[in-house]
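For reference, the structure discussed in these notes is given below.
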Amino acid sequence: MEQTHTLLLEALGAALRNTAVLWTQPMTPEQWSELFQLADTHRVMPMIYQAVYCCPSAQQANASLFTPYRRRAMHDVIVQAQRTQAFFEVYDALCAAGLTPLVVKGVVCRTLYPNPDQRMSGDEDLLLPHDQLRACHRKLVELGFRTEGDEDGTEQAYETTFVSTRAPLIIEVHSGLFPQEDGAYGNLAALFETVFDRAEERSIEGHTLRTLSHTDHLLFLICHAFKHFLHSGFGLRQVCDIALYANHFGSVIDWAAVQHACRNVRAERFAAGLFQIAEQYLTFHPAQACFPEGWRTLNVQAEPLLEDLLCSGIYGSASMSRRHSSRITLSAVTASRNGGAERAGVLKALFPPVEALQRRFPYLEKRPWLLPLAWVQRIAVYRKETAHTQDNSAVDAVKIGRERTALLKEYDII
């Protein structure tokens with residue numbers, strides 16, 4: 001493991017314990033820069049700064065070195081506090097209008113952290129019954145939100161993003177927790193079809209929020225990480241959420257149901273690796289969480305998973321090459337579940353079928369035999385877009401995709 005990765009894990013673990021690191025070794029400005037850049041990639045900058053700024057190693061460095069990172073951390077915390085307050089106001093307004101949204105992730109996870117506003121959220125997620133989507137759209141527009149879709153499109157969409165024009169707040173409205181039609185992970189949607197029947201109320205910062213049951217919520221956090229793992233990866237923040245949620249509510253979680261669900265979607269070994277990482281680095285306490293012994297004894301090597309998530313950044317966004325590699329991994333998973341071979345999945349990613357390109361190249365709807373031309377045009381556009389981008393290479397995307405496909409095999413996903 002790279003030294004910067006080790007330092008990040010140590011600092012993040014200290015932040016989750018609400019303590020500081022005790023580093024004494026001298027560190028160069030370049031090493032500090034690499035650490036904070038990695039923290040930013042994983043969207044955990046405020047937590048890392050809080051954990052390291054007063055350690056002996058930091059005190060030995062030039063104070064001016066930390067000024068931009070201190071300002072960034074303070075800015076992120078202030079903005080997050082504003083987002084949280086704005087979200088409470090919007091949520092209360094939706095409930096007052098007779099809607100019954102369920103809050104997922106976001107503020108529910110933040111409240112588990114020692115310093116909630118240090119846990120950043122890019123958006124807040126709401127799950128609504130399908131028959132309330134249109135009314136929710138109208139209410140959010142009334143509250144100053146905008147979206148590119150119209151009401152009819154919003155009602156049919158699996159998720160719609162609403163951006164506030166009055167506050168630094170983005171809300172994603174979901175009709176389901178996962179898209180049902182997706183070939184790679186559409187089977188995840190069936191696990192959450194009846195979550196409204198088990199919804200619970202929770203008091204957070206003086207506000208009563210409806211959210212998923214503790215069992216459903218932990219399962220969703222695992223499956224959400226799994227979904228992004230099938231794409232291009234996920235970051236440390238999601239593992240922190242899972243660890244803290246299990247620590248806080250493990251005694252009332254139906255672990256047998258969680259493990260059974262993970263096994264059914266071929267995520268059991270993946271989840272076991274997550275909990276190993278969380279236990280070793282991120283304050284997960286199996287005894288406190290009532291973690292089942294049978295899951296602990298699975299013969300899973302967590303190191304490859306840890307290396308992948310460290311390199312991925314938040315939601316696999318560390319590089320454009322990595323993002324584009326998702327075409328290969330998703331195609332490999334889809335091919336595997338349809339009885340095809342890995343090579344077929346890779347070829348499908350590089351040379352998609354006509355149905356996958358019709359929206360981008362409308363002429364294919366009437367002239368599907370021009371598919372080879374669309375492939376050539378697609379490659380030409382890609383080369384033009386990436387000509388001046390250092391982190392976006394077709395060769396690197398294929399390499400990362402093949403390596404991550406092998407990782408999917410290692411965890412028995414394909």
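The values are calculated or read from the model by the stated rules, or taken from the named source; none is laboratory data. Owing to the predicted nature of the structure, the values given are computational and were not obtained by experimental measurement. Please note: Cβ atoms are built from the backbone with ideal geometry, for glycine as well, and neighbour counts cover all protein chains shown. These area figures cover heavy atoms from the full protein model, side chains too; ligands, DNA and RNA do not enter into them. Shrake-Rupley method; radii C 1.70, N 1.55, O 1.52, S 1.80 Å.
Residues that are aliphatic (A, V, I, L, M) and within 22 Å of Leu209 (Cβ to Cβ): find the helices (runs of 4 or more DSSP H) completely inside the stretch 12-116 holding 2 or more of those.
On the way: elements: 29-41, 45-52, 56-60, 63-96, 107-110.
In the stretch 12-116, the matching helices (runs of 4 or more DSSP H) lie at 63-96, 107-110.
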Sole miss for Ile78 among (1) surrounded by fewer than 19 Cβ atoms within 10 Å (Cβ to Cβ); (2) closer than 21 Å to Ile314 by Cα; (3) touching a Lys or Arg at 6+ places or on another chain (Cβ under 7 Å) is condition (3)
- Query: Can Arg166 be described as surrounded by 16 or more Cβ atoms within 10 Å (Cβ to Cβ), in contact (Cβ under 8 Å) with a residue 40 or more places away in the chain and among the charged types (D, E, K, R)?
  - Reply: no
Here the residues within the stretch 86-116 that are surrounded by fewer than 19 Cβ atoms within 10 Å (Cβ to Cβ) and either touching a Gly at 6+ places or on another chain (Cβ under 8 Å) or not hydrophobic (A, V, I, L, M, F, W, C) (or both) are Glu89, Asp92, Gly98, Thr100, Thr111, Tyr113, Pro114, Asn115, Pro116
Counted residues in the stretch 186-216 being of a type in the set (Val, Ile, Thr) and over 30 Å from Val333 (Cβ atoms) come to 2
Flag if Ile242 is open to solvent by less than 10 Å² (accessible area, probe 1.4 Å), out of contact with any His (no Cβ under 8 Å at 6 or more places or on another chain), more than 22 Å from Thr405 (Cβ to Cβ) and at pLDDT 95 or above: yes
For Ala257, the lone unmet condition from (1) among the aliphatic types (A, V, I, L, M); (2) modelled with pLDDT of 95 or more; (3) open to solvent by less than 10 Å² (accessible area, probe 1.4 Å) is (3)
Of the residues in the stretch 261-280, those that are more than 19 Å from the chain's Cα centre (by Cα) and either of a type in the set (Ser, Thr, Tyr) or modelled with pLDDT under 95 (or both) come to Arg263, Asn264
Discussion item. Among the residues in the stretch 182-200, are any of a type in the set (Lys, Arg) and open to solvent by 40 Å² or more (accessible area, probe 1.4 Å)?
Written reply: yes
In the set Gln37, Gln60, the lone residue that is within 24 Å of Gly233 (Cα to Cα) and open to solvent by 40 Å² or more (accessible area, probe 1.4 Å) is Gln37
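Please find, within the stretch 1-11, the residue that is farthest from Phe284 (Cα to Cα) out of those that are in a helix (DSSP H, G or I) and open to solvent by 60 Å² or more (accessible area, probe 1.4 Å).
Looking at the filtered set, the residue picked out is Gln3.
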For the stretch 275-299 the number of residues that are in a helix (DSSP H, G or I), of a type in the set (S, T, N, Q) and out of contact with any helix residue (DSSP H, G or I) (no Cβ under 6 Å at 6 or more places or on another chain) is 2
Notebook entry, point to check: Does at least one position in the stretch 311-330 carry a residue that is more than 25 Å from Leu38 (Cα to Cα) and open to solvent by less than 50 Å² (accessible area, probe 1.4 Å)?
Noted result: yes
- Query: With respect to Glu205, is the statement that it is surrounded by 15 or more Cβ atoms within 10 Å (Cβ to Cβ), of a type in the set (D, E, K, R) and farther than 25 Å from Gln259 by Cα true?
  - Reply: no
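May I ask you to say which residue of Ala261, Ala272, Ala256 is in a helix (DSSP H, G or I), more than 30 Å from His5 (Cα to Cα) and touching a Leu at 6+ places or on another chain (Cβ under 8 Å)?
Values: Ala272 fails: more than 30 Å from His5 (Cα to Cα); Ala256 fails: touching a Leu at 6+ places or on another chain (Cβ under 8 Å).
The conditions single out Ala261.
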| task | Would you mind stating whether His228 is open to solvent by 10 Å² or more (accessible area, probe 1.4 Å) and assigned to a helix (DSSP H, G or I)? | result | yes
Only one of Arg119, Arg70, Arg83 is surrounded by fewer than 17 Cβ atoms within 10 Å (Cβ to Cβ) and in contact (Cβ under 8 Å) with a residue 12 or more places away in the chain, namely Arg70
